[in-house]
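Report on the following structure.
The values are calculated or read from the model by the stated rules, or taken from the named source; none is laboratory data. All figures in this text were calculated on a predicted structure; none of them were measured in a lab. As a convention, Cβ positions derive from the backbone with ideal geometry for all residues, glycine included, and neighbour counts pool all protein chains shown. Protein only, heavy atoms only, side chains kept; ligands, DNA and RNA dropped before computing areas. Shrake-Rupley method; radii C 1.70, N 1.55, O 1.52, S 1.80 Å.
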Number of protein chains: 2
Amino acid sequence: MGRTGRRPGESGTQQAILDAARAAFTEAGYDGATMRTIARTAGVDPALVHHYFGTKEHLFVAAMQLPFDPALIIPSLLAPGLDGLGERIVRLFVSIWDAPEAVSPFIGLLRGAMTHEKSAAMLREFVTSAIFGRVTAALDVDQPQFRANLVASQLIGMAFARYILRIEPLATVPSEKVVATVAPTIQRYLTAPL
Amino acid sequence: MGRTGRRPGESGTQQAILDAARAAFTEAGYDGATMRTIARTAGVDPALVHHYFGTKEHLFVAAMQLPFDPALIIPSLLAPGLDGLGERIVRLFVSIWDAPEAVSPFIGLLRGAMTHEKSAAMLREFVTSAIFGRVTAALDVDQPQFRANLVASQLIGMAFARYILRIEPLATVPSEKVVATVAPTIQRYLTAPL
């Protein structure tokens, strides 16, 4: 018995659910995969999937080992309002990517999206639902989804250039220089007339 | 005999050089690969490699099937000066990426850079030499290489978001909207105080 009092075999069951979830998301996409199908593949009751992982979104975050949970970070970024939002976004982004082991599963997701249209669709559906959907609902600006797309384009490119391709000097300038340089771009995408 | 009067077997020789070049660049990187080694692997005289492909940079462009030739496009973008440079860059970028079959080998290069450090090093060395080197030599601004890095980060991210991940509405807005929205970012990275 574990110190949390969980049943033996519980971690095996959770692992089976995570494996089934990865397979279902990859095959059917984020929108197409259902908790019911994932439960059936894992050989458990759907209620147990909800018990362990909550929503489909949380199950995706766990199965794909995302380095952040959009349900937590997006509202906390948006809560203080539009003022300084660009800077808060870039600072959080840099702090996540400065831990390379945490982002390596996410790099795998990006690589998959470059290789297979199915993987691209899965990632597109997830970011649209979990990220753009939240931003669009909360931002009081015109064209909120287009603005969120533009922000994503700069952040993905920064991840690639600084952390994957590692072009110099961008790869080795202090995080605060990245924040100071890129935050105005993000702020403009979010709030300036487009 | 072909209509250009070339010897039979010439295209076979060129193909052997391109194959040898790809292998050498992948193995030794862009900086480490030499025309001499490539010629030896292809079983031809180094002079023949120069005759067919010119410089090592041109050989790389041909071997990797890049959708653009930096030796041509960078000077032509820079020639009219800093004024409107951001807009010229984004307009050219969008026109290249709007031809999906032309960029698919380049997507392969980006994917390789996400998979193997050797591939990342090769691409990093090439863009540093062929792109950042030219921009840095020609731009009369402070921190020219850092500015070129920032431009690259936004362009790579736009490629990923609009053309690979295809998030909406960014994937389907008219090219001119992308130009109008992103050009000020590029112009700021190139010329504003950082």
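Looking only at helices (runs of 4 or more DSSP H) that lie completely in the stretch B:101-194, which have at least 1 residues being open to solvent by 40 Å² or more (accessible area, probe 1.4 Å), farther than 26 Å from A:PHE146 by Cβ and without any contact (Cβ under 8 Å) to a residue 60 or more places away in the chain?
On the way: elements: B:117-126, B:133-138, B:144-158, B:175-191.
In the stretch B:101-194, B:117-126, B:133-138, B:144-158 are the helices (runs of 4 or more DSSP H) which contain 1 or more residues that are open to solvent by 40 Å² or more (accessible area, probe 1.4 Å), farther than 26 Å from A:PHE146 by Cβ and without any contact (Cβ under 8 Å) to a residue 60 or more places away in the chain.
Can you go through B:LEU155, B:LEU194, B:LEU150, B:LEU190 and tell me which one is closer than 25 Å to A:GLU168 by Cβ and in contact with a Lys or Arg (Cβ under 6 Å, 6 or more places away or on another chain)?
Details: B:LEU155 fails: in contact with a Lys or Arg (Cβ under 6 Å, 6 or more places away or on another chain); B:LEU194 fails: in contact with a Lys or Arg (Cβ under 6 Å, 6 or more places away or on another chain); B:LEU150 fails: in contact with a Lys or Arg (Cβ under 6 Å, 6 or more places away or on another chain).
Among B:LEU155, B:LEU194, B:LEU150, B:LEU190, only B:LEU190 is closer than 25 Å to A:GLU168 by Cβ and in contact with a Lys or Arg (Cβ under 6 Å, 6 or more places away or on another chain).
Criterion first (under 19 Å from the mean Cα position of the chain (by Cα), open to solvent by less than 60 Å² (accessible area, probe 1.4 Å) and within 25 Å of B:ASP140 (Cα to Cα)) does B:ALA71 satisfy it?
Details: under 19 Å from the mean Cα position of the chain (by Cα): yes; open to solvent by less than 60 Å² (accessible area, probe 1.4 Å): yes; within 25 Å of B:ASP140 (Cα to Cα): yes.
Yes: the conditions hold for B:ALA71.
Of everything in the stretch B:135-154, what is more than 7 Å from chain A (Cβ to nearest Cβ) and of a type outside the set (Val, Ile, Thr)? Give them in sequence order. Step through it out loud before you land on a result.
Filtering the stretch B:135-154 down to residues more than 7 Å from chain A (Cβ to nearest Cβ) leaves B:135-144, B:147-148, B:151.
Hits for the stretch B:135-154 are B:ALA137, B:ALA138, B:LEU139, B:ASP140, B:ASP142, B:GLN143, B:PRO144, B:ARG147, B:ALA148.
Consider the stretch A:161-194. How many of its residues are over 17 Å from B:GLN187 (Cα atoms), at the interface with another protein chain (Cβ under 8 Å from one of its Cβ atoms) and touching a Gly at 6+ places or on another chain (Cβ under 7 Å)?
The total comes to 0.
Report yes if some residue within the stretch B:75-86 is open to solvent by 50 Å² or more (accessible area, probe 1.4 Å), touching a residue at least 24 places away in the same chain (Cβ under 8 Å) and part of a helix (DSSP H, G or I); otherwise report no.
Yes, because at least one residue in the stretch B:75-86 is open to solvent by 50 Å² or more (accessible area, probe 1.4 Å), touching a residue at least 24 places away in the same chain (Cβ under 8 Å) and part of a helix (DSSP H, G or I).
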